[in-house]
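So the structure is just underneath, and the comments pick up after that.
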Amino acid sequence: LIISLQLLRGELEQIRRENQAVFNRALALTRKLGFPDVILPGDIRNDLYLTLERGEFERGGKSVQKNIEVTLWVLYADGDTLKDCISLGTGEPNTSEYRSFVLYHNNSPRWSEMVKLPIPIDRFRGSHLRFEFRHCSTKDKGEKKLFGFAFTPLMREDGTTLSDEIHELYVYKCDENATFSNQGLYLSLPCCKEDFNSCPNLPANLPFQRSPKETFWVSTILCSTKLTQNVDLLALLNWKAHPDRVLDILGRLRQISGEEIVKFLRDVLDTLFCLLDDNTDKYGPLVFQCLVFIINLLRDSRFYHFRPVIDSYIQNHFAGALAYKELIRCLKWYMDRSAEVVRQDHIQEAMRALEYLFKFIVQSRILYSRATCGMEEEQFRASIQELFQSIRFVLSLDSRSSENLVFTQAALLNSFPDIFDELLQMFTVQEVAEYVRGTLGSMPSTVDIGQSMDVVKLQSIARTVESRLFFFPESRSILLPVVLHHIHLHLRQQRELLICSGILSSIFSIIKTSSMESSVQEEVEMMVESLLDVLLQTLLSIMSKSHSVETSRGQRCPQCTAEITGEYVSCLLSLLGQMTEIHFHHLINSFHSKEELKEFLLKIFCVFRNLMKLTIFPRDWSVMRLLTSHIIVVTTQFLSPALHKNFSEGDFDFKVWNSFFSLTVLYINQPSLQLEALPPAKRRKILDKHGDMRVIMAYELFSMWQKLGGSTMPSLLK
């Protein structure tokens, strides 16, 4: 037997388009034994896989063992055989009966034969399987004598289907004269031990006698999107049959396995929102809890790939036009109680489910607005406004004395950036930005919260900066001040520097890509005012630690310190590189005294000197080194007039001038700028892009020498 294999990757429709030659041949498409990773809405399936495992049979007075054949029938409640409900293999036509192979002289046969029973859903209830056992004579090849049978219903009395396991069935004696025309004669008998225990008072004159020493085993696997083996799930889906038990049924939803819930996700969600429409006051809080439970279930790594299913459900199948009112009310009620209750597990679960709760809220409001031509718009906006007041209330609470409250605030901050895109469907960019600014502004300052919350707060800010909302110029101008405020506080206290640098890098990247927009100049001005001084101070502190480590150990500083240094150098260079002459002019004029200006100049000159002394960037990062040199010389050009105007002649300050000239001399002598040592092609490339930056800096040096006068210069250069 020679088999060739070809592996085709992708969705079935894509594979059909890309491999038409393969599909032009006779192909058999086989479904997975079990469910795929994701069950999409509309994917209806109802397959029962049955395996004939083994049997134990008596000799029945014969000197040799039997040759046993099993015949399988699928029968409906009225006794009719279900036509073409047995599949022996993919690609083969379905049949109405199935006959096993025969093991020669074997009273303990092991078949392990699997067949698929694609039974229509509407025929499942009331149907049963009948297994007939025949001895095949070796003398007369055509003679097959019926000696027994077994059976099992497909569905139990409570409406659940056969469980996925091995079933040990009773074998009942019969002969060729036995008639099965009235299946009620045997369906009243117990089919297995569990069935026998549920009906202990059996009459003595049974139509068929059980063979106590004979047993037959089968196993089943149900792959159905409409039938369940779970009693609690079935009760939920059929709640209208027992309306008095609804509260109890909703309370038991958490006990249902996650596999069953995701398998029937659309039906479960339809049922929950149907209950919400039926009686909001009575079922609302419990439906909300169940919805939160299901949403958090999909956050589990086992079921995370089912998130597209709930997304598809919300967009294409969800019909709860009134649901948003109760969802907002319950969510607000949970948040308002966060200051009162000690155990906050249920509140934290609601906070973790915030993204999908807002998806349901927004889609529900869209459906309602579409059906009523926008009625109750003001009420909806007022309810969202009140909900955000509750969000700000939760974040403003002092959580230092309550670990549970810390977890609640952390869950809220983690989920908060996920709701921006949903809000943008209902509100303008500016309105959403105002909501977010108010929320971020309500968080306690760094000194009032613990380190763990500090990290969570910054992570939430980082995701805000990376969100689609921050890319709009009109919203960025609203959000940037509060983001910079939090970053400034952290840099001033030297806390969580790595996370802060990541946030700043994202901001600079966005601003650089938006450099053609008029608002960018104002944003750069805002960042200069808030960050430049504290960035310089942070870099001096980090560089001082790095230098001390290198000096004491005689080796490069640890990887983490080098990473932070590189991040902040990049941030500083990005900020300086986006500053124009106007920005520098405003910066110089912002200092209230010469002492403040002097302190600033000493800081920035010191940072520039350290950039040339310390090994901030690897040796082969020539582009980054050239960019650094370019920004240093441009910045020096912009600062030189202020230096001469404020610190020469009568106001001469030796310390500032010494710092400036030390910088210029060190700059001119940088190894990376000695173009004579470079190959001609690389030298020409640098000259075309930047010019000879040594000459530019030398011009600044001697220009200042001239302005100061020759008498002072020699002693400075000494």
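Laid out as a table, the results:
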quantity: With Cα atoms, 0 to 90° folded angle of helix 451-466 axis to the chain main axis; calculated: 90
quantity: Over the chain: helical MRE at 222 nm, DSSP H runs n ≥ 4 each giving -39500 (n - 2.57), nearest 500; calculated: -17000 deg cm²/dmol
quantity: Note, ³J(HN,Hα) from phi for segment 370-385, Karplus 6.51, -1.76, 1.60, rounded to Hz, x at Gly and Pro; calculated: 5, 6, 10, 6, x, 5, 6, 5, 5, 5, 5, 4, 5, 5, 5, 4
quantity: For q = 0.07, 0.10 Å⁻¹, Debye-computed log10 I/I(0) when each Cα of the chain counts as one equal scatterer; calculated: -0.74, -1.05
quantity: Heavy-atom accessible area order for H586, H490, largest first, 1.4 Å probe; calculated: H586, H490
quantity: Accessible carbon and sulfur surface of the chain relative to its total accessible area, %, 1.4 Å; calculated: 52
quantity: Using a Förster distance of 60 Å, the FRET efficiency for S4-K689 (Cβ separation, nearest 0.05); calculated: 0.55
quantity: FRET E, pair T51, L626, Förster distance 56 Å, beta-carbon r, rounded to 0.05; calculated: 0.20
quantity: Largest to smallest accessible area among M526, M693, M375 [probe 1.4 Å]; calculated: M375, M526, M693
quantity: Per residue value of the accessible surface for segment 1-74 (all protein chains in place, 1.4 Å probe), Å²; calculated: 68
quantity: Cut-off under 5 Å, modelled amide H: who pairs with L103 long-range; calculated: I68
quantity: Sites E143 and R337 - FRET efficiency at Förster radius 56 Å, r taken between beta-carbons, to 0.05; calculated: 0.10
quantity: Nearest 10 degrees, 0 to 90: helix 323-336 Cα axis against the chain principal axis; calculated: 60
quantity: Listed pairs K457/K594; K116/K144; K613/K689 exceeding 30 Å between Cα atoms; calculated: K457/K594
quantity: Q521 paired with Q537, simple spin-label distance in nm, labels 7 Å along Cα-to-beta-carbon; calculated: 3.0
quantity: Peptides ranked, highest mean first, by Cβ atoms within 10 Å: ranges 342-353, 59-70; calculated: 342-353, 59-70
quantity: Accessible area (Å², 1.4 Å probe, nearest 10) - T280; calculated: 50
quantity: Residues of segment 518-538 with amide N under 18 Å of the 7 Å Cα→Cβ point at Q430; calculated: 518-520, 522-523
quantity: Largest to smallest accessible area among Y172, Y304 [probe 1.4 Å]; calculated: Y304, Y172
quantity: Area accessible to solvent at E466, 1.4 Å probe radius, in Å²; calculated: 120
quantity: Approximate spin-label separation L322-Y104, in nm, with each point projected 7 Å along Cα-to-Cβ; calculated: 7.4
quantity: Where segment 225-283 is the region considered: accessible area per residue in Å², 1.4 Å probe; calculated: 45
quantity: Solvent exposure of segment 560-686 as accessible area per residue, Å², 1.4 Å probe; calculated: 49
quantity: Added length on full extension, which subtracts the Cα-Cα distance from 0.36 nm per residue, E13 to L187; calculated: 58.1 nm
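The values are calculated or read from the model by the stated rules, or taken from the named source; none is laboratory data. Because the structure is predicted, anything quoted here is derived from the model rather than measured. In this analysis, Cβ positions are derived from the backbone assuming ideal geometry, glycine residues included, and neighbour counts consider all displayed protein chains. Heavy atoms of the whole protein, side chains included, go into the accessibility calculation; ligands, DNA and RNA do not. Shrake-Rupley method; radii C 1.70, N 1.55, O 1.52, S 1.80 Å.
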